[in-house]
Amino acid sequence: MPALSLCHRMTAYMEWADDVMLSAAERLPQNAVSAPRDALFKSIAGTFDHTLVVGEIFQAHLEGRSHGHDARHRASVLDFPQVATRLRAMNSYYVRCARDWTTSDLAETIEFTFVGGGQGAMTREDILLHLVNHATYHRGFVSTLLYPLKAKTAASDLTVFLRDVWPEMVVELRADASS
């Protein structure tokens, strides 16, 4: 069982770090989170929504179904509370996958078509690690967008997670496994 695998640890980090940043954004007025900014995805909400869309696309690939997206972003960004709720649920889904999939499951290659065209093939493990990396990249954008708003946010670094959060998760996982 890969419950303490690198994929599980990293998806748990993604879930925790996204929650740190989502919580900081939730403390701001809704109009500040949705306000147009000079940024790739136009707003804090838009950046988080892009991360969610990519998660939805890869979830569909993993489940062997159509995702319904024709781009890596929506034409109209969801309201931030909906984005936050759905992104948290998506992250939990990926943590469960990483925790529950066997080593063989993680090594399975998933074939898919990229939204922009072209064929793709990645292992489940590669998909999970891509999603972790992708979310980290866009949390950097969100951090930059939050800074001028004087938003209070905690550190969301991997080192902080490994020091403060992961050890307790390991204890809980081991306790659950032994009961």
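The values are calculated or read from the model by the stated rules, or taken from the named source; none is laboratory data. Treat the numbers as computed from the prediction; the structure is a model and nothing was measured. All Cβ positions, even for glycine, are placed from backbone atoms using ideal geometry, and neighbour counts span all protein chains on display.
So the values come out like this:
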item	result
Flag if Asp126 is farther than 16 Å from Glu63 by Cβ and not β-branched (Val, Ile, Thr)	yes
Which numbered condition Ala39 fails, given (1) small (Gly, Ala, Ser); (2) surrounded by 23 or more Cβ atoms within 10 Å (Cβ to Cβ); (3) not in a helix (DSSP H, G or I)	(2)
Counted residues, the stretch 157-179 - those being at pLDDT below 90 and closer than 14 Å to Thr11 by Cα	0
Scan of the stretch 100-149 for residues that are of a type in the set (Lys, Arg) and within 30 Å of Arg27 (Cβ to Cβ), ordered by number	Arg139
Candidates Gln82, Gln59, filtered to the one that is closer than 18 Å to Phe41 by Cβ, at pLDDT 95 or above and in a helix (DSSP H, G or I)	Gln82
Scope the stretch 107-140; condition assigned to a loop (DSSP other than H, G, I, E, B), of a type outside the set (Asp, Glu) and touching a Lys or Arg at 6+ places or on another chain (Cβ under 7 Å); matching residues	Val115
Members of the stretch 153-179 that are outside any helix (DSSP H, G or I) and more than 18 Å from the chain's Cα centre (by Cα)	Ser179
The lone exception for Arg124 - which of (1) at pLDDT 95 or above; (2) surrounded by 16 or more Cβ atoms within 10 Å (Cβ to Cβ); (3) within 14 Å of the chain's Cα centre (by Cα) it fails	(3)
Residue within the stretch 86-96 that is over 10 Å from the mean Cα position of the chain (by Cα), farther than 30 Å from Pro29 by Cα and either aliphatic (A, V, I, L, M) or surrounded by fewer than 16 Cβ atoms within 10 Å (Cβ to Cβ) (or both) present	yes
Long-range neighbours under 7 Å by Cβ, at least six apart or interchain, first residue over 18 Å from His73 (Cβ atoms) within the stretch 109-123, second modelled with pLDDT under 95 and of a type in the set (Phe, Trp, Tyr)	Gly120/Phe112; Gly120/Phe114
Only listed residue being within 15 Å of Glu15 (Cβ to Cβ), out of contact with any Ser or Thr (no Cβ under 6 Å at 6 or more places or on another chain) and assigned to a helix (DSSP H, G or I), chosen from Ser104, Ser143, Ser92	Ser92
Matching residues, the stretch 5-35, being over 16 Å from Phe48 (Cβ atoms) and among the basic types (Lys, Arg)	Arg9
Those residues of the stretch 35-56 which are modelled with pLDDT of 85 or more and among the acidic types (Asp, Glu), in sequence order	Asp49, Glu56
Some residue of the stretch 66-73 being outside any helix (DSSP H, G or I), more than 17 Å from Val33 (Cβ to Cβ), among the charged types (D, E, K, R) and touching a strand residue (DSSP E or B) at 6+ places or on another chain (Cβ under 7 Å)	no
